[in-house]
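First up is the structure itself, then whatever we jot down about it.
The values are calculated or read from the model by the stated rules, or taken from the named source; none is laboratory data. Nothing here was measured: the structure is a model prediction, and the numbers come from that model. So basically every Cβ, Gly included, is an ideal-geometry build from the backbone, and we count neighbours across all protein chains shown.
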Amino acid sequence: MSRDTTLLPVVQAGDLDVLPPEEQWLIEGLWGSGAIGLIGGPPKCAKTWLGLDMALSVVSGTPALGHFPVAQSGPALIYLAEDGLPQVRARIEALCRHRGCDIHRLPLHVITTPVLRIDLKQDQERLAATVAALQPRLLLLDPLVRIHRLDENSAVEISGLLGYIRDLQRNCDVAIAIVHHASKKQRSQPGQALRGSSDLHAIGDSNVYLTRNNRKIILTIEHRSARSPEPIALELVSDPEGKTIHLQLCPKELSSQAGLLPSLETRVLELLAQTQMPLARTQIRARLRINNQRLGETLARLERAGRARRTPQGWNLPGHREPPAEVDPKASQHRLHQKTFFQNMPGETESGPAGTQPDKG
């Protein structure tokens, strides 16, 4: 019997594609570009609020939790299995009011089928076709326990389900966030508290965990290929009427998160502060190594807020002195010829007609 001797495809490490820095993140510091991961935590820890916050951030381009900048905005697709559709809309509208977004203008799509079972081939095909048609940047499935009937403690059964999810992510180039429950027991690592097979924790490219500490909610972030920040304290807040419900960093966290990646706005402002001379947009792009669209949107926001100024020579800070405008050589030469002509006219001097004194008024 002959053996198949076809070699596997191989490439030298130095010839592998390099991932540009601007393509590393979907949401900077919070969720990787094209990442699969879990939003984990015990019941009633605002996991759904965090998932919706991320989805709204992606479709609107506004920072997640008011702090994490969106690196790649675009459509999002969500399925909330435990909420009725009116409740889903109410949650999204609350976030929209807080962000100042129009719910009707956002490419945020909601799967409305009452039952979705991604362990069944038919539903797998329907979900894959929907994702391929809408091409979302982010797919949110909430919660995992409601979208399958497998034994979560069986590595064999769960590995097959996770294989489908990984294929979906790769084939459709979509980040996938899955809300999953954890036990209330305290563990040294949050991922160890997740229910079911350890394969659930292992598949995560980006995982986020929520736990309660008195009235605060503690957010822990972990990434497969990037450094994770220190745990962050959050709070679920609303206006006096209980309408604009949203998650946000606790006030003390806003001034102490040295571990978080600086926002693109901060990086642009810091760069402009380093020089008194305006920088052209191409210079800013080259120094920060970011794509042109993101930079343009950031500069526009900074200009509207009065934090950056556009001049004919480029961009600088409002407090910096604007350099003199460039002199047109042809206009300068014309003025020189005109001055020479009047100096050579009979009875004329540079100060006026002959025999008169210059007007000192």
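A single member of L279, L234 is modelled with pLDDT of 85 or more, out of contact with any Ser or Thr (no Cβ under 9 Å at 6 or more places or on another chain) and in the same structural domain as L161 (by TED's automatic domain parsing), and it is L234. Filtering region 26-56 to residues that are without any contact (Cβ under 8 Å) to a residue 60 or more places away in the chain and over 17 Å from L80 (Cα atoms) leaves only I27. Looking at this structure, is L80 modelled with pLDDT of 95 or more and touching an Asp or Glu at 6+ places or on another chain (Cβ under 7 Å)? Taking the combined requirement at face value, the residue satisfies it. Scanning region 156-178 finds no residues that are more than 20 Å from V58 (Cβ to Cβ), surrounded by 14 or more Cβ atoms within 10 Å (Cβ to Cβ), modelled with pLDDT under 95 and over 22 Å from the mean Cα position of the chain (by Cα). Taking region 188-209 as the range and being modelled with pLDDT under 95 and in a strand (DSSP E or B) as the test, only L194 passes. Is it the case that region 150-165 has a residue that's aliphatic (A, V, I, L, M) and free of Cβ contacts under 8 Å to residues at least 40 places away in the same chain? Among the residues of region 150-165, at least one is aliphatic (A, V, I, L, M) and free of Cβ contacts under 8 Å to residues at least 40 places away in the same chain, which makes the answer yes. Every test in (1) within 26 Å of E28 (Cα to Cα); (2) loosely packed, with under 14 Cβ neighbours inside 10 Å is passed by E125 save one, and that test is (1). Do we have L38 as more than 12 Å from A175 (Cα to Cα) and of a type in the set (A, V, I, L, M, F, W, C) here? The answer is no for L38.
Checking C101, C96 one by one, the residue that is outside any helix (DSSP H, G or I), within 17 Å of I245 (Cα to Cα) and in contact with a Ser or Thr (Cβ under 9 Å, 6 or more places away or on another chain) is C101 and no other. Do we have any residue at all in region 120-135 that's touching a helix residue (DSSP H, G or I) at 6+ places or on another chain (Cβ under 8 Å) and in contact (Cβ under 8 Å) with a residue 60 or more places away in the chain? Checked region 120-135: at least one residue is touching a helix residue (DSSP H, G or I) at 6+ places or on another chain (Cβ under 8 Å) and in contact (Cβ under 8 Å) with a residue 60 or more places away in the chain.
Scanning region 124-143 for residues that are among the aliphatic types (A, V, I, L, M) and part of a strand (DSSP E or B) gives L138, L139, L140, L141.
Counting only strands (runs of 3 or more DSSP E) wholly contained in region 1-84, the ones carrying 1 or more residues that are β-branched (V, I, T), over 21 Å from S228 (Cα atoms) and under 22 Å from the mean Cα position of the chain (by Cα) occupy 76-80.
Conditions tested, residue by residue: (1) buried (at least 21 other Cβ atoms within 10 Å of the Cβ); (2) among the polar types (S, T, N, Q); (3) closer than 20 Å to H181 by Cβ.
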| site | (1), (2), (3) |
| --- | --- |
| G29 | yes, no, no |
| S33 | no, yes, no |
| L50 | yes, no, yes |
| V58 | yes, no, no |
| F68 | yes, no, no |
| E82 | no, no, yes |
| H109 | no, no, no |
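Each residue in region 289-318 was checked for being in contact with a Leu (Cβ under 8 Å, 6 or more places away or on another chain), of a type outside the set (S, T, Y) and more than 11 Å from P278 (Cα to Cα), and 5 pass.
Kindly indicate whether T5 is in contact with a Leu (Cβ under 9 Å, 6 or more places away or on another chain) and of a type in the set (S, T, Y). For T5, the condition - in contact with a Leu (Cβ under 9 Å, 6 or more places away or on another chain) and of a type in the set (S, T, Y) - is not met.
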